[in-house]
Amino acid sequence: KFLEAAAKILSPGGRILIISFHSLEDRIIKNFFKCKSGVCICENKMFGCKCGAERIFELINRKVITPGESEILNNPRARSAKLRAAVKIVEDSQDSRDNKF
């Protein structure tokens with residue numbers, strides 16, 4: 001719910017950065033960013049896209065950013081942290097209708 005809400009309220013050109021500490025959390029974020037950057041993540045593409053892939057975000061980095069060795073030495077709890085980032089490139093048509101005063 002948070003990721004969908006963030007995609008709606010973020011202005012074009014706005015950046016979203018998310019740090020996850022667990023692999024299941026990271027998978028959700030990774031798949032959301034892939035889907036919202038226009039890449040279909042459906043397993044069976046024969047029957048069409050069911051994931052709702054649309055190009056709203058552009059990924060800032062292709063791979064996940066993890067802490068370096070020096071940061072892990074200073075803060076051992078940071079070793080599982082993963083950072084993913086994207087920038088919003090288009091404005092949802094629904095958002096533009098809702099936010100006009």
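Any chance you could count how many residues in the stretch 16-29 are open to solvent by 80 Å² or more (accessible area, probe 1.4 Å) and in contact (Cβ under 8 Å) with a residue 40 or more places away in the chain? Spell out the reasoning first.
Step one: of the stretch 16-29, the residues open to solvent by 80 Å² or more (accessible area, probe 1.4 Å) are 17, 19, 21-22, 24-25, 27-28.
Retained after the next criterion (residues that are in contact (Cβ under 8 Å) with a residue 40 or more places away in the chain): 17, 19, 21-22.
Matching residues across the stretch 16-29 total 4.
What are the residue pairs meeting all of these: first residue in the stretch 59-83, first residue under 13 Å from ILE19 (Cβ atoms) and open to solvent by 70 Å² or more (accessible area, probe 1.4 Å), second residue small (Gly, Ala, Ser) and outside any strand (DSSP E or B), Cβ atoms under 8 Å, and 6 or more apart or on different chains?
THR66/ALA81; GLU71/ALA78
The values are calculated or read from the model by the stated rules, or taken from the named source; none is laboratory data. On a predicted model such as this, the values are computed, not experimentally measured, just so you know. Reconstructed Cβ throughout: ideal geometry from the backbone, glycine too, with neighbour counts over all protein chains shown. Quick note on the areas: whole protein, heavy atoms, side chains included, nothing else; ligands and nucleic acids left out. Shrake-Rupley method; radii C 1.70, N 1.55, O 1.52, S 1.80 Å.
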